[in-house]
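First comes the structure, then the notes that go with it.
The values are calculated or read from the model by the stated rules, or taken from the named source; none is laboratory data. Keep in mind that this is a model prediction, so the values were computed, not measured. Reconstructed Cβ throughout: ideal geometry from the backbone, glycine too, with neighbour counts over all protein chains shown.
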C-alpha cells in the first residue's frame, strides 16, 4: 500500500484541499511495481445534475511512466475522451520523449492488499463502432455477465476458451468494444479478464467505446 499512501500525501499537500479518488478493485495484480513514475488524477465531480471527469496532471513529467489514478465511478463516455487527450499529449512530445515510458491504470488488488497496475500504452481508443468486418470483436455491455464475440453470446468466463477454439488459417485481429455507459470499475474488471489475450495475440491496441 506504500504507493497509495504516497500518492494521497503528495496530492493533499500539493493542492491544499482534500479530494479523494475511489480506485477500482480486482483480485489479481497484473503489474506490482512501477519505477520512475508520475501521477495523474481523474476525479469524479458533480455540478448540479452533471457529472464531470476532473483531470489533474500538474505533477506529470513526459519522460516518466504515467500512473493514472481514476475514480471508479466515472462512466467511460466522460473518461475516455480525457484519456485520449492525455495520450495524444504524450505521444506528440518530441523534445523530452522517452520511448521506454509506459502508461498504467492503477487499481487496488483486494486479495494481495496492494496497489496494482495495468499497462495500456499501446491502446488507441476510438468513439463509436468499427466498420471493418475482418476482425474478431469482443463486445462488453454495461452490467452484463455475458459478452458478444462477433454475433455469439457467451459467458465472460468463457472468453479465452472461446477464442482459443476458433480455427483460422491466419489469426485475425481482436478488437474490444465497451459500452460508453459502463463505469471505470467494470471497465478495469473486463480489461483484466482479457489481459491474457495480449500475450497470445501480441497486442490488443484497438478499443472502441460505443
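Things worth noting here:
- Number of the condition not met by residue 91 [criteria: (1) in a helix (DSSP H, G or I); (2) under 21 Å from residue 23 (Cα atoms)]: (2)
So that you can scan it fast, the table gives a plain yes or no per residue for (1) under 16 Å from residue 57 (Cβ atoms); (2) in the same structural domain as residue 173 (by TED's automatic domain parsing); (3) assigned to a loop (DSSP other than H, G, I, E, B); (4) in contact with a strand residue (DSSP E or B) (Cβ under 9 Å, 6 or more places away or on another chain):
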{"residue": "77", "(1), (2), (3), (4)": "no, no, no, yes"}
{"residue": "84", "(1), (2), (3), (4)": "yes, no, no, yes"}
{"residue": "100", "(1), (2), (3), (4)": "no, no, yes, yes"}
{"residue": "142", "(1), (2), (3), (4)": "no, yes, yes, yes"}
{"residue": "158", "(1), (2), (3), (4)": "no, yes, no, yes"}
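- Failed item, numbered, when residue 39 is tested on (1) surrounded by 16 or more Cβ atoms within 10 Å (Cβ to Cβ); (2) within 27 Å of residue 174 (Cα to Cα); (3) free of Cβ contacts under 8 Å to residues at least 60 places away in the same chain: (2)
- Residues (surrounded by 18 or more Cβ atoms within 10 Å (Cβ to Cβ), in contact with a helix residue (DSSP H, G or I) (Cβ under 9 Å, 6 or more places away or on another chain) and more than 18 Å from residue 206 (Cβ to Cβ)) located in the stretch 148-185: 183, 184
- Residue within the stretch 193-206 that is in a strand (DSSP E or B) and either within 30 Å of residue 39 (Cβ to Cβ) or in contact with a strand residue (DSSP E or B) (Cβ under 6 Å, 6 or more places away or on another chain) (or both) present: yes
- Test result for residue 93, crowded, with 16+ Cβ neighbours inside 10 Å and out of contact with any helix residue (DSSP H, G or I) (no Cβ under 8 Å at 6 or more places or on another chain): no
- Within the stretch 158-189, the set of residues being more than 15 Å from residue 74 (Cα to Cα) and in contact (Cβ under 8 Å) with a residue 24 or more places away in the chain comprises 159, 160, 163, 164, 166, 171, 172, 173, 174, 175, 176, 177.
- With respect to the stated conditions, residue 122 is farther than 14 Å from residue 194 by Cβ and in contact (Cβ under 8 Å) with a residue 12 or more places away in the chain.
- Among the residues making up the stretch 128-140, those that are free of Cβ contacts under 8 Å to residues at least 40 places away in the same chain and either closer than 13 Å to residue 193 by Cβ or outside any strand (DSSP E or B) (or both) are 131, 132, 133, 134.
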